[in-house]
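Data first, discussion second: the structure below is written as structure tokens.
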């Protein structure tokens with residue numbers, strides 16, 4: 001059989017030593033690819049864990065900061081203190097505004 005009649009250029013060798021050597025080389029490349037994939041996957045998961053930890057710390061910090069403001073949630077100019085008072089309406093304004101005199 002002539003080499004030009006083959007459909008593919010890389011033909012399997014009839015030499016058993018070359019066949020074993022190619023299988024070993026393929027195995028080494030396959031193991032290297034699996035290890036490299038595991039390292040990249042571990043890196044991606046590690047970065048995701050670090051990002052999630054940073055996000056949760058930031059969320060905790062904001063909740064803590066909002067909790068300090070009190071139940072009203074209003075931060076006044078008086079040092080952050082809430083002043084409570086009672087009032088009584090003396091007169092009510094009419095719905096139609098009158099011009100000032």
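The values are calculated or read from the model by the stated rules, or taken from the named source; none is laboratory data. Bear in mind the structure is a predicted one, so any value in this text is a computation, not a measurement. Backbone-built Cβ (ideal geometry, glycine too); neighbour counts: all protein chains shown.
Every condition in (1) at pLDDT 65 or above; (2) part of a helix (DSSP H, G or I); (3) loosely packed, with under 10 Cβ neighbours inside 10 Å holds for residue 90 except the one numbered (2). Would segment 66-82 turn up any residue that is at pLDDT 85 or above, surrounded by 10 or more Cβ atoms within 10 Å (Cβ to Cβ) and assigned to a helix (DSSP H, G or I)? Within segment 66-82 (the criterion being at pLDDT 85 or above, surrounded by 10 or more Cβ atoms within 10 Å (Cβ to Cβ) and assigned to a helix (DSSP H, G or I)), the answer is yes, since at least one residue qualifies. Assess whether residue 42 counts as being out of contact with any helix residue (DSSP H, G or I) (no Cβ under 7 Å at 6 or more places or on another chain) and either in a helix (DSSP H, G or I) or modelled with pLDDT of 90 or more (or both). Against the criterion (out of contact with any helix residue (DSSP H, G or I) (no Cβ under 7 Å at 6 or more places or on another chain) and either in a helix (DSSP H, G or I) or modelled with pLDDT of 90 or more (or both)), residue 42 qualifies.
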